[in-house]
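One structure is given here, and the rest of the page talks about it.
The values are calculated or read from the model by the stated rules, or taken from the named source; none is laboratory data. Since this is a predicted model, take the numbers as computed values, not measurements. Here the Cβ is made from the backbone with ideal geometry for all residues, glycine too, and neighbour counts use every protein chain on show. In case anyone asks, the SASA skips ligands and DNA or RNA and just uses the protein heavy atoms, side chains included. Shrake-Rupley method; radii C 1.70, N 1.55, O 1.52, S 1.80 Å.
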Amino acid sequence: KRYREFLDSAPIGVAIIDLSGKIRYINKRIEDLMGWSREKIIGQDGFTLDAFDEEARHRLIERFTARMKGDSPRLMELPITRKDGKKIWVQIITTILKKDNVTTGAQMFFIYITDRKEAEEALRQSEDRFRPLIQRSTDVISVLNREGRFTYVSPSAETVFDYPTGSLIGKPALDFLHPDDDRDTRRLFAELTAKTNVARVAEFRARRGDGSWGHYEATGNNLLDDPGINGIVLNIRDITDRKKAEEERNALLEKLHRSEKMESLGTMAGGVAHDLNNVLGVLVGYTELLLSDMPENDPHRHHLNRIMKSSEKATAII
């Protein structure tokens, strides 16, 4: 009586069947799970109940037969259709019942796992929805363990890094860094792994599969305490073309600045030349006036001719 009272108050379903498969006992939890009363179920063949579909029925019989032959207990998950038509999920384990060392039947425990199965199905649907986004992303989605080794790399790595996706698994990500970027990037990674649920952004160069250096921008999130991920999640973007465009733009700006400087120098030189020409114009003009009024045998003509020649040289220089 105490045993039956204990089973009736148990939070898991308990059913006892004999060797022929007929139900000899069910507790209240079984009634609640299936929606049928004990009077409706006890005495029936447990394997032919409407609660089980063909596949579930086949698996139950197979497991029951194996246990009768001495197989060890194993957990089994099955769908059950309640009396109201609603489908639920249970986890079942079978134990052998004996009397005087003779097998008389089996005791089956039913554990309600519908909430867990629905959560698993929701997770599966979520994975099915987001997996194509990750696999088709032009960015590389990767996961590193605490030591910085790749545990997952999205297929886009073949395009971005020029490495076969599978070849990166298990390798230290920081070993691919350019020597000039190694120290700063390792420092950021150390900061990232030191505290969970933090993020860091870094730019660095890394060696591609063909031996060239690519420029990359990475956003890292520490999800080491997330049981579903347990790693550092990196979103890596190839910015090689952008960096090249920036370098070309900077080179063009430098050329423009040099050109503007030369233009300024030219403007200044032009102004100086104009002013010098004004001065030379006075020298040449007055020298010509003096020569035109001076006799040919005047000894000062020699000095005036020297002034004229020097002025002509200065004009050429300007």
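Tell me which residues, restricted to the stretch 154-186, are closer than 15 Å to V140 by Cβ and either touching a residue at least 60 places away in the same chain (Cβ under 8 Å) or of a type in the set (D, E) (or both).
Once the filter is applied, which keeps residues that are closer than 15 Å to V140 by Cβ and either touching a residue at least 60 places away in the same chain (Cβ under 8 Å) or of a type in the set (D, E) (or both), the stretch 154-186 yields E158, V160, D162, A173.
Can you tell me which residue within the stretch 191-224, out of those that are assigned to a strand (DSSP E or B) and aliphatic (A, V, I, L, M), is most open to solvent (accessible area, probe 1.4 Å)?
V201
Here are K98, K40: which of them is assigned to a strand (DSSP E or B), open to solvent by 60 Å² or more (accessible area, probe 1.4 Å), without any contact (Cβ under 8 Å) to a residue 24 or more places away in the chain and over 18 Å from I111 (Cα atoms)?
K98
Just to be sure, is L256 assigned to a helix (DSSP H, G or I), of a type outside the set (S, T, N, Q), more than 22 Å from I318 (Cα to Cα) and under 60 Å from the mean Cα position of the chain (by Cα)?
When the stated conditions are applied, L256 passes them.
Find the residue count for the stretch 124-174, including only residues that are in a strand (DSSP E or B), among the small types (G, A, S) and surrounded by fewer than 17 Cβ atoms within 10 Å (Cβ to Cβ).
Residues in the stretch 124-174 being in a strand (DSSP E or B), among the small types (G, A, S) and surrounded by fewer than 17 Cβ atoms within 10 Å (Cβ to Cβ): 0 in total.
Could you please give the count of residues in the stretch 93-124 that are over 14 Å from L19 (Cβ atoms) and not polar (S, T, N, Q)?
17
Does W89 satisfy the condition of being open to solvent by 70 Å² or more (accessible area, probe 1.4 Å) and either among the aromatic types (F, W, Y) or touching a Lys or Arg at 6+ places or on another chain (Cβ under 9 Å) (or both)?
yes
Determine which member of the set R63, R74 is in contact with a Lys or Arg (Cβ under 9 Å, 6 or more places away or on another chain), part of a helix (DSSP H, G or I) and at pLDDT below 90.
Matching residue, one of R63, R74: R63.
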